[in-house]
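To keep things clear, I will list the structure first and then write my remarks on it.
The values are calculated or read from the model by the stated rules, or taken from the named source; none is laboratory data. Keep in mind that what you see is a predicted model, and the values were worked out from it rather than measured. Virtual Cβ from ideal backbone geometry, glycine too; neighbours counted across all protein chains shown.
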Amino acid sequence: MEILKRRILEDGACFEGGILKVDSFINHQMDPQLMKSIADEFVKRFSGIYINKIMTIEASGIAPAIMVGYQMQLPVVFAKKKEPKTMRHALTSIVHSFTKDRDYPVSISGEYLTPEDHVLCIDDFLANGNAALGMIDLINQAGATLAGMGFIIEKEFQNGGHILREKGIHVESLAIIKSLDNCQIAFK
């Protein structure tokens with residue numbers, strides 16, 4: 001996705017510790033046209049695979065997941081970072097946030113993630129893979145089937161992509177960053 005790479009170079013900002021800030025167009029302020037292009041690309045990359053539900057973790061994955069769900073005409077469910085008191089049949093996993101450097105629980109209702117579901121997970125970033133592993137844990141707890149995982153940006157220099165691919169998971173990343181050394185964005 002050349003348009004995505006161009007936006008990362010033009011509007012992204014790098015910070016020490018391997019942090020890439022893309023909040024001006026992906027995860028704080030959003031560019032709807034770019035999100036549509038991202039969704040179109042995910043739909044193309046996961047075509048031919050049986051999927052009946054899209055899943056993400058709040059909050060940054062919601063916009064791209066909804067766009068993919070809209071394009072595929074499928075429901076979208078997201079794991080909440082705080083279990084609401086009204087949530088029934090809660091499934092919970094603990095996820096470590098790379099950006100915030102803390103653990104937090106994520107929960108999803110077993111009413112909306114069931115053994116009949118074939119799930120495509122969509123998220124904004126793949127770094128160390130902690131959020132992805134949390135989603136996989138929730139899918140496994142529900143007895144659902146993981147159909148694949150799509151990420152807008154993968155930081156290849158962190159281990160998340162390697163961990164997921166070693167597990168045999170179909171992973172699609174639209175922009176793969178091989179390095180942020182010296183705060184210079186280098187794509188694979």
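Go through the range 146-187 and report how many residues are free of Cβ contacts under 8 Å to residues at least 60 places away in the same chain, of a type in the set (Asp, Glu) and within 19 Å of Glu2 (Cβ to Cβ).
Step one: list which residues in the range 146-187 are free of Cβ contacts under 8 Å to residues at least 60 places away in the same chain, which gives 146, 149, 151, 154, 156, 159-169, 171, 173, 176, 178-179, 181-182, 186.
Within this subset, residues satisfying the condition of being of a type in the set (Asp, Glu) are 154, 156, 166, 181.
Narrowing the set further to residues that are within 19 Å of Glu2 (Cβ to Cβ) leaves 154, 156.
Final tally of qualifying residues: 2.
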Here are some conditions: (1) part of a loop (DSSP other than H, G, I, E, B); (2) β-branched (Val, Ile, Thr); (3) crowded, with 17+ Cβ neighbours inside 10 Å. Ile136 meets all but one. Which one does it not meet? (1)
Does Asn52 meet the test of being in contact with a strand residue (DSSP E or B) (Cβ under 7 Å, 6 or more places away or on another chain), at pLDDT 90 or above and polar (S, T, N, Q)? yes
Looking for whichever is of a type outside the set (Lys, Arg), out of contact with any strand residue (DSSP E or B) (no Cβ under 6 Å at 6 or more places or on another chain) and farther than 23 Å from Gly160 by Cα here; the options are Glu10, Glu16, Glu2. Which one fits? Glu10
When the residues of the range 10-28 are narrowed to those that are out of contact with any Cys (no Cβ under 8 Å at 6 or more places or on another chain) and in contact (Cβ under 8 Å) with a residue 24 or more places away in the chain, which ends up farthest from Ile38 (Cα to Cα)? Gly18
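Here is a list: Ser107, Ser93. Which entry is in contact with a strand residue (DSSP E or B) (Cβ under 6 Å, 6 or more places away or on another chain), closer than 25 Å to Glu156 by Cα, buried (at least 16 other Cβ atoms within 10 Å of the Cβ) and among the hydroxyl-bearing types (Ser, Thr, Tyr)?
Numbers: Ser107 fails: closer than 25 Å to Glu156 by Cα.
None of the other options fit; the residue is Ser93.
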Enumeration of residues in the range 142-177 that are at pLDDT 95 or above and exposed (fewer than 15 other Cβ atoms within 10 Å of the Cβ): Gly143, His162, Arg165, Glu166, Lys167, Gly168
